[in-house]
Amino acid sequence: MATLNGRAVLVGLGNPGAAYAGHRHNIGFMAIDRVAAVHRLTPFRRRFQGDVADGSIDGRPCLALKPLTFMNESGRAVGELCRFYKVPADAVFVFHDDLDIACGRLRVKQGGGHAGHNGLKSLDAHIGPEYWRIRLGIGHPGDKARVHGYVLSDFAAADRQWLAPLLDAVAGQIGILLSGDAAAFTSRIALALRPPAAPAKGEDGRIEAGGGGAAKPREG
(Lines give C-alpha, C1' and ligand atoms only; values in the text may rest on other atoms or scores of the structure.)
Protein backbone atom coordinates (compact mmCIF):
# COMPACT_ATOMS: atom_id res chain seq x y z
CA MET A 1 0.00 0.00 0.00
CA ALA A 2 1.13 3.55 -0.70
CA THR A 3 1.52 6.18 1.98
CA LEU A 4 -1.53 8.28 1.15
CA ASN A 5 -0.92 11.35 3.25
CA GLY A 6 2.06 13.64 3.31
CA ARG A 7 4.37 14.57 0.49
CA ALA A 8 4.77 12.36 -2.57
CA VAL A 9 7.95 12.28 -4.64
CA LEU A 10 7.64 11.75 -8.40
CA VAL A 11 10.88 10.69 -10.06
CA GLY A 12 11.62 10.50 -13.77
CA LEU A 13 14.62 8.42 -14.80
CA GLY A 14 16.85 9.48 -17.65
CA ASN A 15 20.21 10.92 -18.62
CA PRO A 16 20.91 14.66 -18.43
CA GLY A 17 21.89 16.86 -21.36
CA ALA A 18 20.58 17.77 -24.78
CA ALA A 19 22.33 14.83 -26.45
CA TYR A 20 20.10 12.40 -24.51
CA ALA A 21 16.86 14.38 -24.39
CA GLY A 22 15.04 12.47 -27.15
CA HIS A 23 16.27 8.99 -26.24
CA ARG A 24 13.90 6.16 -25.43
CA HIS A 25 15.78 5.74 -22.14
CA ASN A 26 14.62 9.27 -21.22
CA ILE A 27 10.88 8.66 -21.35
CA GLY A 28 10.85 9.02 -17.55
CA PHE A 29 12.18 12.58 -17.83
CA MET A 30 9.56 13.28 -20.52
CA ALA A 31 6.77 12.03 -18.25
CA ILE A 32 7.89 14.18 -15.32
CA ASP A 33 8.16 17.25 -17.54
CA ARG A 34 4.60 16.69 -18.74
CA VAL A 35 3.26 16.15 -15.21
CA ALA A 36 4.98 19.33 -14.01
CA ALA A 37 3.54 21.35 -16.90
CA VAL A 38 -0.03 20.04 -16.62
CA HIS A 39 -0.19 20.53 -12.86
CA ARG A 40 1.69 23.83 -12.90
CA LEU A 41 4.44 22.85 -10.52
CA THR A 42 7.17 25.40 -9.87
CA PRO A 43 10.00 25.76 -12.40
CA PHE A 44 12.69 23.14 -11.97
CA ARG A 45 15.75 24.23 -10.02
CA ARG A 46 18.98 22.45 -9.16
CA ARG A 47 18.83 20.63 -5.82
CA PHE A 48 19.71 17.19 -4.44
CA GLN A 49 21.89 16.30 -7.44
CA GLY A 50 18.92 16.82 -9.72
CA ASP A 51 16.31 19.19 -11.06
CA VAL A 52 13.43 19.61 -8.61
CA ALA A 53 9.97 21.18 -8.94
CA ASP A 54 7.32 21.35 -6.26
CA GLY A 55 3.62 22.02 -5.89
CA SER A 56 0.54 19.90 -5.39
CA ILE A 57 -1.52 17.47 -7.45
CA ASP A 58 -5.19 17.10 -6.54
CA GLY A 59 -4.41 18.57 -3.14
CA ARG A 60 -1.46 16.32 -2.30
CA PRO A 61 1.92 18.09 -1.90
CA CYS A 62 4.46 16.76 -4.39
CA LEU A 63 8.06 17.06 -5.41
CA ALA A 64 9.10 16.16 -8.96
CA LEU A 65 12.71 15.08 -9.43
CA LYS A 66 14.88 14.46 -12.48
CA PRO A 67 18.22 13.08 -11.21
CA LEU A 68 21.23 14.58 -12.98
CA THR A 69 23.59 11.81 -11.87
CA PHE A 70 23.08 9.81 -15.09
CA MET A 71 20.82 6.79 -15.09
CA ASN A 72 23.10 4.32 -13.31
CA GLU A 73 23.43 6.57 -10.23
CA SER A 74 19.84 7.82 -10.03
CA GLY A 75 19.41 6.51 -6.49
CA ARG A 76 21.94 8.96 -5.11
CA ALA A 77 19.71 11.93 -5.94
CA VAL A 78 16.50 10.20 -4.88
CA GLY A 79 18.00 9.03 -1.60
CA GLU A 80 19.33 12.48 -0.74
CA LEU A 81 15.96 14.13 -1.37
CA CYS A 82 13.99 11.47 0.51
CA ARG A 83 16.25 11.63 3.53
CA PHE A 84 16.00 15.42 3.67
CA TYR A 85 12.19 15.44 3.51
CA LYS A 86 11.77 12.15 5.41
CA VAL A 87 9.72 10.64 2.58
CA PRO A 88 9.27 6.85 2.82
CA ALA A 89 9.89 4.66 -0.20
CA ASP A 90 6.19 3.83 -0.57
CA ALA A 91 5.50 7.53 -1.26
CA VAL A 92 7.98 7.55 -4.17
CA PHE A 93 6.64 7.07 -7.72
CA VAL A 94 9.27 6.31 -10.36
CA PHE A 95 8.65 6.70 -14.10
CA HIS A 96 10.97 4.67 -16.30
CA ASP A 97 11.31 2.96 -19.66
CA ASP A 98 10.51 -0.73 -20.01
CA LEU A 99 11.62 -2.89 -22.91
CA ASP A 100 9.24 -5.73 -22.04
CA ILE A 101 6.09 -3.65 -22.50
CA ALA A 102 4.71 -2.73 -25.91
CA CYS A 103 5.05 0.84 -27.11
CA GLY A 104 2.36 3.13 -25.77
CA ARG A 105 1.34 0.87 -22.86
CA LEU A 106 2.19 1.00 -19.18
CA ARG A 107 2.07 -1.08 -16.05
CA VAL A 108 2.19 -0.04 -12.42
CA LYS A 109 3.43 -1.98 -9.42
CA GLN A 110 4.90 -1.39 -6.01
CA GLY A 111 8.11 -3.14 -5.07
CA GLY A 112 9.63 -6.08 -6.87
CA GLY A 113 12.85 -6.63 -8.76
CA HIS A 114 14.76 -4.31 -11.07
CA ALA A 115 14.71 -6.62 -14.15
CA GLY A 116 18.22 -5.48 -15.06
CA HIS A 117 17.30 -1.79 -15.24
CA ASN A 118 20.33 0.08 -13.94
CA GLY A 119 18.35 3.08 -12.72
CA LEU A 120 16.14 0.82 -10.60
CA LYS A 121 19.18 -1.06 -9.30
CA SER A 122 20.53 2.24 -8.00
CA LEU A 123 17.23 3.17 -6.37
CA ASP A 124 17.04 -0.22 -4.65
CA ALA A 125 20.49 0.39 -3.19
CA HIS A 126 19.64 3.83 -1.84
CA ILE A 127 15.98 3.70 -0.71
CA GLY A 128 15.07 0.02 -0.85
CA PRO A 129 12.65 -1.68 -3.27
CA GLU A 130 9.24 -0.58 -1.92
CA TYR A 131 8.78 2.44 -4.21
CA TRP A 132 6.18 2.51 -6.97
CA ARG A 133 7.22 1.84 -10.58
CA ILE A 134 5.32 3.35 -13.49
CA ARG A 135 6.70 1.21 -16.31
CA LEU A 136 6.39 3.01 -19.63
CA GLY A 137 6.58 0.65 -22.60
CA ILE A 138 9.09 1.42 -25.33
CA GLY A 139 8.99 -1.99 -27.00
CA HIS A 140 11.92 -4.29 -27.73
CA PRO A 141 14.19 -4.18 -30.79
CA GLY A 142 13.88 -7.95 -31.11
CA ASP A 143 17.55 -8.77 -30.66
CA LYS A 144 19.33 -8.55 -27.30
CA ALA A 145 22.47 -7.32 -29.05
CA ARG A 146 20.57 -4.25 -30.25
CA VAL A 147 19.14 -3.20 -26.88
CA HIS A 148 21.91 -0.79 -25.87
CA GLY A 149 21.75 1.17 -29.11
CA TYR A 150 17.96 1.05 -29.12
CA VAL A 151 17.42 2.62 -25.70
CA LEU A 152 20.17 5.19 -26.30
CA SER A 153 18.68 6.46 -29.54
CA ASP A 154 15.88 8.90 -30.26
CA PHE A 155 12.29 7.83 -30.64
CA ALA A 156 11.40 7.32 -34.28
CA ALA A 157 9.04 9.73 -36.03
CA ALA A 158 6.33 7.04 -36.04
CA ASP A 159 6.55 6.81 -32.24
CA ARG A 160 5.08 10.29 -31.91
CA GLN A 161 1.67 8.82 -32.70
CA TRP A 162 1.60 7.10 -29.30
CA LEU A 163 4.21 8.95 -27.23
CA ALA A 164 2.46 12.30 -26.77
CA PRO A 165 -0.96 10.73 -26.02
CA LEU A 166 0.63 8.41 -23.45
CA LEU A 167 2.43 11.27 -21.68
CA ASP A 168 -0.73 13.40 -21.73
CA ALA A 169 -2.79 10.56 -20.27
CA VAL A 170 -0.25 9.88 -17.51
CA ALA A 171 -0.15 13.55 -16.55
CA GLY A 172 -3.90 13.89 -16.64
CA GLN A 173 -4.59 10.84 -14.46
CA ILE A 174 -1.63 10.86 -12.05
CA GLY A 175 -3.75 12.19 -9.18
CA ILE A 176 -5.65 8.88 -9.12
CA LEU A 177 -2.42 6.96 -8.58
CA LEU A 178 -1.34 9.36 -5.83
CA SER A 179 -4.65 8.67 -4.09
CA GLY A 180 -3.67 5.00 -3.88
CA ASP A 181 -5.80 3.49 -6.64
CA ALA A 182 -3.34 1.96 -9.09
CA ALA A 183 -6.03 -0.15 -10.79
CA ALA A 184 -8.20 2.87 -11.55
CA PHE A 185 -5.16 4.77 -12.80
CA THR A 186 -4.23 2.08 -15.33
CA SER A 187 -7.87 1.71 -16.38
CA ARG A 188 -8.21 5.43 -17.02
CA ILE A 189 -4.99 5.44 -19.04
CA ALA A 190 -6.23 2.54 -21.17
CA LEU A 191 -9.53 4.30 -21.73
CA ALA A 192 -7.84 7.57 -22.68
CA LEU A 193 -5.64 5.78 -25.22
CA ARG A 194 -8.36 3.61 -26.73
CA PRO A 195 -8.84 4.37 -30.43
CA PRO A 196 -12.24 5.90 -31.20
CA ALA A 197 -14.77 3.34 -32.36
CA ALA A 198 -15.50 3.38 -36.06
CA PRO A 199 -18.93 4.89 -36.73
CA ALA A 200 -21.55 2.28 -37.52
CA LYS A 201 -23.24 2.23 -40.89
CA GLY A 202 -26.90 1.59 -41.52
CA GLU A 203 -28.23 -0.81 -44.08
CA ASP A 204 -28.27 1.98 -46.67
CA GLY A 205 -24.58 2.73 -46.01
CA ARG A 206 -25.19 5.95 -44.08
CA ILE A 207 -23.16 6.56 -40.93
CA GLU A 208 -25.26 6.38 -37.79
CA ALA A 209 -24.44 8.21 -34.58
CA GLY A 210 -24.01 6.35 -31.31
CA GLY A 211 -23.03 2.97 -32.72
CA GLY A 212 -26.04 1.02 -33.86
CA GLY A 213 -28.56 3.85 -33.93
CA ALA A 214 -32.20 3.38 -33.08
CA ALA A 215 -33.66 -0.07 -33.38
CA LYS A 216 -36.00 -0.69 -36.29
CA PRO A 217 -39.52 -1.83 -35.52
CA ARG A 218 -40.14 -5.47 -36.36
CA GLU A 219 -42.42 -6.15 -39.25
CA GLY A 220 -45.50 -8.20 -38.88
### Message
Could you check region 35-55 and list, in sequence order, the residues that are under 18 Å from the mean Cα position of the chain (by Cα) and basic (Lys, Arg)?
### Response
Arg40
### Long-range neighbours under 6 Å by Cβ, at least six apart or interchain, first residue assigned to a helix (DSSP H, G or I) within region 142-166, second at pLDDT 90 or above and among the small types (Gly, Ala, Ser)
Trp162/Gly104; Leu166/Gly104
### Query
In region 103-114, what residues are touching a helix residue (DSSP H, G or I) at 6+ places or on another chain (Cβ under 7 Å), at pLDDT 90 or above and part of a loop (DSSP other than H, G, I, E, B)?
Cys103, Gly104
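Name the residue that is surrounded by the fewest Cβ atoms within 10 Å (Cβ to Cβ), counting only residues in region 83-94 that are in contact (Cβ under 8 Å) with a residue 40 or more places away in the chain and either under 19 Å from Gly180 (Cβ atoms) or of a type in the set (Lys, Arg) (or both). Don't jump to the end; show me each part of the working.
Looking only at region 83-94, we keep the residues that are in contact (Cβ under 8 Å) with a residue 40 or more places away in the chain, and these are 85, 87-94.
Pick out the ones that are also either under 19 Å from Gly180 (Cβ atoms) or of a type in the set (Lys, Arg) (or both) and you get 87-94.
Values: Val87: 20, Pro88: 15, Ala89: 22, Asp90: 17, Ala91: 24, Val92: 26, Phe93: 24, Val94: 25.
Among residues in region 83-94 that are in contact (Cβ under 8 Å) with a residue 40 or more places away in the chain and either under 19 Å from Gly180 (Cβ atoms) or of a type in the set (Lys, Arg) (or both), the one surrounded by the fewest Cβ atoms within 10 Å (Cβ to Cβ) is Pro88.
How many residues are in a loop (DSSP other than H, G, I, E, B) and more than 19 Å from Val9 (Cα to Cα) if we restrict to region 115-139? Break it down stepwise before answering.
Here is the first cut: in region 115-139, the residues in a loop (DSSP other than H, G, I, E, B) are 115-117, 128-131, 138-139.
Checking the rest, the ones that are also more than 19 Å from Val9 (Cα to Cα) come to 115-117, 138-139.
Result for region 115-139: 5.
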### Task
Please indicate, with yes or no, whether at least one residue in region 64-78 is part of a strand (DSSP E or B) and closer than 21 Å to Gly180 by Cβ.
yes
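Report yes if Asp100 is charged (D, E, K, R), surrounded by fewer than 21 Cβ atoms within 10 Å (Cβ to Cβ), modelled with pLDDT of 95 or more and out of contact with any helix residue (DSSP H, G or I) (no Cβ under 8 Å at 6 or more places or on another chain), otherwise no. First the steps, then the outcome.
Working: charged (D, E, K, R): yes; surrounded by fewer than 21 Cβ atoms within 10 Å (Cβ to Cβ): yes; modelled with pLDDT of 95 or more: no; out of contact with any helix residue (DSSP H, G or I) (no Cβ under 8 Å at 6 or more places or on another chain): yes.
Here the answer is no, as Asp100 does not meet what is asked.
Tally time: how many residues in region 167-181 are part of a loop (DSSP other than H, G, I, E, B) and buried (at least 18 other Cβ atoms within 10 Å of the Cβ)?
Qualifying residue count, region 167-181: 0.
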### Query
Can you spot a residue in region 38-49 that is part of a helix (DSSP H, G or I), surrounded by fewer than 24 Cβ atoms within 10 Å (Cβ to Cβ) and at pLDDT 95 or above?
yes
### Query
For Gly149, all conditions in the list (1) out of contact with any Asp or Glu (no Cβ under 7 Å at 6 or more places or on another chain); (2) surrounded by 18 or more Cβ atoms within 10 Å (Cβ to Cβ) hold save one; what is the number of the exception?
(2)
## Note on the structure
Scanning region 56-73 residue by residue, the ones that are modelled with pLDDT of 95 or more, within 17 Å of Gly28 (Cα to Cα) and within 17 Å of the chain's Cα centre (by Cα) total 6
### Residue among Ala64, Ala37, Ala8, Ala31 that alone is of a type in the set (Gly, Ala, Ser) and out of contact with any Leu (no Cβ under 9 Å at 6 or more places or on another chain)
Ala37
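Taking the residues in region 95-105 that are among the hydrophobic types (A, V, I, L, M, F, W, C) and closer than 22 Å to Asp181 by Cβ as candidates, determine which candidate is farthest from the chain's Cα centre (by Cα).
Step one: filter region 95-105 for residues among the hydrophobic types (A, V, I, L, M, F, W, C), giving 95, 99, 101-103.
Imposing the further condition that a residue be closer than 22 Å to Asp181 by Cβ reduces the set to 95, 101.
On the way: Phe95: 5, Ile101: 12 Å.
Among them, the one singled out is Ile101.
The values are calculated or read from the model by the stated rules, or taken from the named source; none is laboratory data. If you're wondering where the values come from, they're calculated on a predicted model, not measured in any experiment. So basically every Cβ, Gly included, is an ideal-geometry build from the backbone, and we count neighbours across all protein chains shown.
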